[in-house]
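Presented below is the structure to which this report refers.
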Amino acid sequence: MLQAVTESQNADTIDSGQLRLNSEQVLSLLPWNTCNARCAHCGPNSGPTDKTAIHHERCLELIREAGRLYQGDWCLTLSGGEVFLFYDRLLEYVTCAREHNGYTTLISNCFWATSSQRAEKLLRPLIDQDLRVLGISLTQFHQEYVDPKRVGIAIEAARKLKLRVRVRSVASKTSRLWELLRAVEGAHPWFVQFMEMPLVPHGRAEQLPEDDLFFADELPTGTCPAASLTINPSGKGMVCCNGGGDLEPLQVGDVDFHSLEQLEYLFASDPTLRYLVRRGPSACIDFLSPDEAEKVRDSRYVNECDLCIKLFRDEKRASLIKERINNEAMGEILPVLEELDVPPSGT
Ligand code: SF4
Ligand code: SF4
């Protein structure tokens, strides 16, 4: 999303490149966390026994809201969990988006592609309702649960039906995309877009051995690479689906209490997210005490998201950073309010 689905981190998730506001017109929805697999690298800890899900009616309502809120062509991106697990509901979401001027992209592990006939049978009704991209999640970790031959079958079926395919993978020393390509070469995936990103130790991946990871040589000093409002299966608005969004300090709103328009507003105006997008997680280290800051600087990180997760999953660090960012934001706003002769709220 960007209009594309990507395995932005360690799950069947999505990324959007940059801070996305209403103008970009994407509703990213993770309707359930249930998955037929339980991959060792899965960021959101999806699995067969996890029943966390947004109520079906609320999902449909969010899609209708998106149709009213976004002008013209807009994109529904679906991820999970495994979205094909409840196919009837999936088809209903795609159809609802279509009825409200939207098209759909999604990402799946392809467990359902047991034969060409079955893959085509399942994909065709979705394509008829304007599914435009089949995102496929493929790593070594998936193989315990899904035969990669099924990925090949899904690619072939999609090609036959003229559906674009994007394969997303995460890299660790024991899971490299190039090693998996043999399994799908029979599908002649000439026009498939492949993307590989480093595996970030978040969620179930925290249990993987450290020496399986590709650490950056230096402290990652880039800015937030993939902020995008994403609604998770608990109904919380996450600022991204790269792991940081799973953490409470990086969540904005709740579909039980907020409309999609309100969630978009909370996302676009969140001072912490704006800071991460402008300055990056490494700039937050300066808000910590000198001892803490040194500890953080001395550790190893895979990338900016790994650093961000490690800063914000520690409650004390997160609240200190957020407090300092809010103070900075107030420092920028106050002179403007004074000029306009508007009293700051709370006075
Ligand atoms: S298939 Fe995707 S969502 Fe399911 S457990 Fe594996 S990484 Fe997680
Ligand atoms: S830097 Fe943080 S907020 Fe930005 S995409 Fe990475 S984990 Fe998410």
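The values are calculated or read from the model by the stated rules, or taken from the named source; none is laboratory data. Note that the structure is a prediction, hence the values are computed from the model and not measured. When we count neighbours, we look across all protein chains shown, and the Cβ atoms used for this are built from the backbone with ideal geometry, even at glycine. Ligands, DNA and RNA are excluded from the accessible area calculation, which covers all protein heavy atoms including side chains. Shrake-Rupley method; radii C 1.70, N 1.55, O 1.52, S 1.80 Å.
Observations, loosely collected:
- Exactly one residue out of Ile127, Ile107, Ile63 is part of a strand (DSSP E or B) and either within 16 Å of ligand 2 (Cβ to nearest atom) or on the phi < 0 side of the Ramachandran plot (or both): that is Ile107.
- Residue in segment 268-286 that is more than 25 Å from Cys42 (Cβ to Cβ), in contact with a strand residue (DSSP E or B) (Cβ under 7 Å, 6 or more places away or on another chain) and crowded, with 16+ Cβ neighbours inside 10 Å present: yes
- Per the listing Ala187, Ala183, Ala157, the residue uniquely crowded, with 17+ Cβ neighbours inside 10 Å, more than 23 Å from the chain's Cα centre (by Cα) and at pLDDT below 95 is Ala187.
- Check on Leu122, closer than 29 Å to Cys308 by Cβ and either away from ligand 1 (no atom under 16 Å from the Cβ) or buried (at least 19 other Cβ atoms within 10 Å of the Cβ) (or both): no
- Of all the residues in segment 233-264, those that are within 16 Å of ligand 1 (Cβ to nearest atom) and either at positive phi or surrounded by 23 or more Cβ atoms within 10 Å (Cβ to Cβ) (or both) number 6.
- Qualifying position, being under 30 Å from Thr174 (Cα atoms) and free of Cβ contacts under 8 Å to residues at least 60 places away in the same chain, among Pro225, Pro209, Pro281, Pro233: Pro209
- Residue satisfying condition, being charged (D, E, K, R), under 25 Å from Glu261 (Cβ atoms), open to solvent by 10 Å² or more (accessible area, probe 1.4 Å) and not in a helix (DSSP H, G or I), within set Arg132, Arg98: Arg132
- Checking each residue in segment 299-322 for being open to solvent by 10 Å² or more (accessible area, probe 1.4 Å), within 12 Å of ligand 2 (Cβ to nearest atom) and in a helix (DSSP H, G or I) picks out Glu304, Cys305, Cys308, Lys310.
- All positions within segment 217-243 that are under 16 Å from Cys42 (Cβ atoms) and at pLDDT below 95: Cys241, Asn242, Gly243
Residue-by-condition table, conditions (1) under 19 Å from the mean Cα position of the chain (by Cα); (2) at pLDDT below 95; (3) not in a helix (DSSP H, G or I):
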| position | (1), (2), (3) |
| --- | --- |
| Gly245 | yes, yes, no |
| Val252 | yes, no, yes |
| Gln262 | no, no, no |
| Leu266 | yes, no, no |
| Val277 | yes, no, no |
| Ala283 | no, no, no |
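- Qualifying residue in segment 25-33 (condition: modelled with pLDDT under 95, open to solvent by less than 30 Å² (accessible area, probe 1.4 Å) and under 15 Å from Pro233 (Cα atoms)): no
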